[in-house]
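Down below is the structure, laid out as structure tokens.
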Amino acid sequence: MMDTPFLQALAITKTYPGERVAGVKRISLTIKPQKITAIIGESGSGKSTLLRLLYGLLSPDEGRVQFKGERIWGPEEKLIPGHDAMKMVTQDTEGLNVYAKVWDNIAVLMPNTDVNAKEERTTQVLKQLNILHLADKQAFFLSGGEKQRVAIARALITRPEVLLLDEPFNQVDTSFREGLQQDIRQVVQETGLTVIMVSHDPAEVLSMADELIVLKEGEIIESGHPKTLYQNPQNLYTAKLLTNCNVLSNEDARHCGINSSADNIVIYPEWAAPTNSWTRKDFTVKQVLFKGSYEDLLIEKGHITLRLLNDQPGKYHIGDKVHIKINKYLEF
């Protein structure tokens with residue numbers, strides 16, 4: 001007997017009226033338990049719609065969503081929308097009581113039948129999200145990143161089996177974002193929590209997710225491990241989502257020394273490097289963008305512009321003439 005899928009969408013469709021068709025179309029997928037799955041796609045691709053369908057905030061026009069083999073009821077059939085075994089956190093933290101302390105914002109969601117258990121569980125969640133030191137601080141005075149941690153702690157306090165995150169790090173400063181991502185990964189490892197997240201940031205999904213689902217115009221065009229999809233995407237769309245890559249036409253690629261029959265050639269910034277050839281220096285450095293431990297170089301040859309990654313800051317300057325060595329490229 002086959003195991004029952006954990007969370008499954010079966011040919012679900014949800015469309016919205018208007019000039020531009022929006023929503024999702026005939027999507028089937030299975031979410032793996034105790035993993036982090038990220039749904040990515042350009043704006044309007046259906047990411048948030050899919051997340052809400054999986055949670056039960058929306059009902060599909062066609063198809064069905066099942067959790068452990070049982071149908072997830074939509075808002076027309078359930079008084080309080082959303083599956084009881086799941087919690088959702090968005091970038092909106094307005095659900096916090098800004099006049100209450102952090103501790104009270106979280107503890108209020110636990111029953112008062114066992115005060116010791118309530119205190120123990122609240123302390124545990126505060127520690128998991130690294131906000132125990134904020135327990136007595138009024139929520140009004142929290143930063144955006146701190147409020148987001150409290151919102152996630154509120155979602156975790158009742159031990160849901162699935163945590164859904166809709167663009168959860170938009171309001172979090174870059175310096176604190178990585179720490180919050182690591183904390184969520186740690187919670188997944190320690191508790192077996194299943195996380196489904198929507199994101200537009202490639203850095204987030206590549207470092208955080210175990211599985212990527214790529215949406216385009218409401219349909220899944222590919223899925224897989226982040227490293228696999230980054231190194232060998234099956235679609236130009238996916239490559240452009242995951243990195244700020246160079247996309248060349250067939251003709252422009254030939255001017256860069258690439259002979260291919262493909263319509264589009266993709267070169268990631270780290271797949272090409274400037275060289276100080278004595279015989280050929282046909283590119284000119286137009287911009288040097290300092291990134292800290294590395295630089296982005298924008299180099300030009302006629303109408304062709306390439307972005308390269310330079311791991312030796314200070315080596316090249318605007319106006320330098322360089323040749324390039326292309327180590328790898330993708331064909332679409």
Matching residues, the range 306-325, being in contact (Cβ under 8 Å) with a residue 40 or more places away in the chain and within 29 Å of the chain's Cα centre (by Cα): Leu306, Arg307, Leu309
Would you mention how many residues in the range 257-305 are closer than 17 Å to Asn327 by Cα, assigned to a loop (DSSP other than H, G, I, E, B), small (Gly, Ala, Ser) and free of Cβ contacts under 8 Å to residues at least 60 places away in the same chain? 1
Just checking, how many residues over the range 131-160 are over 20 Å from the mean Cα position of the chain (by Cα), modelled with pLDDT of 95 or more and either under 26 Å from Leu53 (Cβ atoms) or not in a helix (DSSP H, G or I) (or both)? 10
Here are some conditions: (1) surrounded by 20 or more Cβ atoms within 10 Å (Cβ to Cβ); (2) assigned to a strand (DSSP E or B). Ile221 meets all but one. Which one does it not meet? (1)
Inspect the range 127-140 for any residue being of a type in the set (Gly, Ala, Ser), under 23 Å from Asn170 (Cβ atoms), touching a residue at least 12 places away in the same chain (Cβ under 8 Å) and out of contact with any Cys (no Cβ under 7 Å at 6 or more places or on another chain) and give the result as yes or no. yes
Could you grab me the full set of residues in the range 43-94 that are assigned to a helix (DSSP H, G or I) and farther than 30 Å from Phe140 by Cβ? Lys47, Thr49, Leu50, Leu53, Leu54
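Yes/no matrix, rows are residues, columns are (1) among the acidic types (Asp, Glu); (2) in the same structural domain as Lys325 (by TED's automatic domain parsing):
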| site | (1), (2) |
| --- | --- |
| Glu178 | yes, no |
| Gly224 | no, no |
| Ala253 | no, yes |
| Asp263 | yes, yes |
| Ala272 | no, yes |
Single match in Thr123, Thr113 (criterion: in a helix (DSSP H, G or I) and more than 19 Å from Phe176 (Cα to Cα)): Thr123
Of all residues making up the range 6-42, the number that are outside any strand (DSSP E or B) and under 25 Å from Arg185 (Cα atoms): 7
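The values are calculated or read from the model by the stated rules, or taken from the named source; none is laboratory data. This one's a predicted model, so the numbers in the text were calculated from it and none came from an experiment. Note that we place each Cβ from the backbone using ideal geometry, even for glycine, and neighbour counts take in every protein chain shown.
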